[in-house]
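The values are calculated or read from the model by the stated rules, or taken from the named source; none is laboratory data. Remember, it's a predicted structure, so these values are computed and weren't measured experimentally. As a convention, Cβ positions derive from the backbone with ideal geometry for all residues, glycine included, and neighbour counts pool all protein chains shown.
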Amino acid sequence: MWARIICAVVLFFALDSALFRTGWYASVLEPNSTAGFLESCLWIEQHRPIRAADPDARRYAAIVIPFDTYDDRNWEDLRDREIHLRYLAPLASLRDFLDFALSYPGWPLRGEAAATVLFKGLIYREDFQDLLVRHKARLAVLRDLQSRPSGWRYDVAWETQSLAGICRLERAHTLRLPEYLAPKKRDEIREVLLTDQPPRTGEFSEYRRGWARLWNTIADPAPAWSWYD
C-alpha cells in the first residue's frame, strides 16, 4: 500500500512540475490575478532598455530598490497575509522551501507555503480552470500586453482629481471633503484619517527586512539587490 502511495505522490509531483514549474505557465497567468500582476510587472522590467545595455547582468554591481514606505505604525500583522503565497508562487523554487515556509509565524500558513513550493498546481488550480475555459481571450490580452513597450499598466490614465480643500475638524472629529468625491471614496478617506493611529513598533521594520532577505534568495543573484530601510 505504501509503495502505491509513494508512487502516486511522485507521479503527481512530476506532472505538477512539468506543467507549472517550467516557466511556461507563469507566462500565461491571468494578468489581473495577484500572481499574474507580479509576473507581468517583472516581464515589463526585464524588457526595458537596461536589458539591452547589460544583457549579461554584469555591468552593475548592485540594483538599489527603495521601499515604498517606512511608516512603522503597526496596522496589521503582515506576516499572516495568505495572499503573499499567490504573489510569490511563480518565483519560489524548491531551494526556497524552508525560507519561504518559515517566513510565516504560524504553522497553518507555513504548511500552505510549503505546499505552494512543492505543488504549484495547488495555488494555480483556479487560474488553470479559467485558462481552459477562456484561453482565447486570455492569450489575446497577453499578446496586447507584450506588444506595448512599457506595458498597459504604465499606460493607464489615472485619476487627475485633486483633494484640495480637505480639512480635518479636530473638535468635531470629522472631515470637510470636496463635494465631487464618491461616497465610497469619502468613507475610505474618513477611515484612514479619523481612525486612531496604531503604535509604532519594530515589527513592520523587521517584516521589511525579512522580505528583503527572502527576495535576495528568490531573485537572480547577479547583480546583487540592495534595499534601503
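Please enumerate the residues belonging to region 168-182 that are of a type in the set (Asp, Glu) and either at pLDDT 85 or above or surrounded by 10 or more Cβ atoms within 10 Å (Cβ to Cβ) (or both).
Applying the first criterion (of a type in the set (Asp, Glu)) to region 168-182 yields 170, 179.
Answer for region 168-182, where residues must be of a type in the set (Asp, Glu) and either at pLDDT 85 or above or surrounded by 10 or more Cβ atoms within 10 Å (Cβ to Cβ) (or both): just Glu179.
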Check off (1) surrounded by 10 or more Cβ atoms within 10 Å (Cβ to Cβ); (2) modelled with pLDDT of 85 or more; (3) under 24 Å from Arg213 (Cα atoms) for Ile83 and give me the number that stays unchecked.
(1)
Please count how many residues of region 15-35 are of a type outside the set (Asp, Glu) and either in contact with a Leu (Cβ under 8 Å, 6 or more places away or on another chain) or surrounded by 17 or more Cβ atoms within 10 Å (Cβ to Cβ) (or both).
11
Being more than 21 Å from Trp24 (Cα to Cα), assigned to a loop (DSSP other than H, G, I, E, B) and in contact (Cβ under 8 Å) with a residue 60 or more places away in the chain is the filter here, so list the residues in region 60-119 that pass it.
Tyr60, Ala61, Phe67, Tyr70, Asp71, Asp72, Asn74, Trp75, Asp77, Ser103
Can you say whether Gly106 is surrounded by 13 or more Cβ atoms within 10 Å (Cβ to Cβ), touching a helix residue (DSSP H, G or I) at 6+ places or on another chain (Cβ under 9 Å) and not hydroxyl-bearing (Ser, Thr, Tyr), as far as the supplied structure shows?
no
Reported set for region 10-33 where residues are among the hydroxyl-bearing types (Ser, Thr, Tyr) and modelled with pLDDT under 85 is Thr22
Among the numbered criteria (1) surrounded by 12 or more Cβ atoms within 10 Å (Cβ to Cβ); (2) modelled with pLDDT under 75, which one does Pro90 miss?
(2)
Residue that is on the phi > 0 side of the Ramachandran plot and either modelled with pLDDT under 80 or of a type in the set (A, V, I, L, M) (or both), where the choices are Gly151, Gly165
Gly151
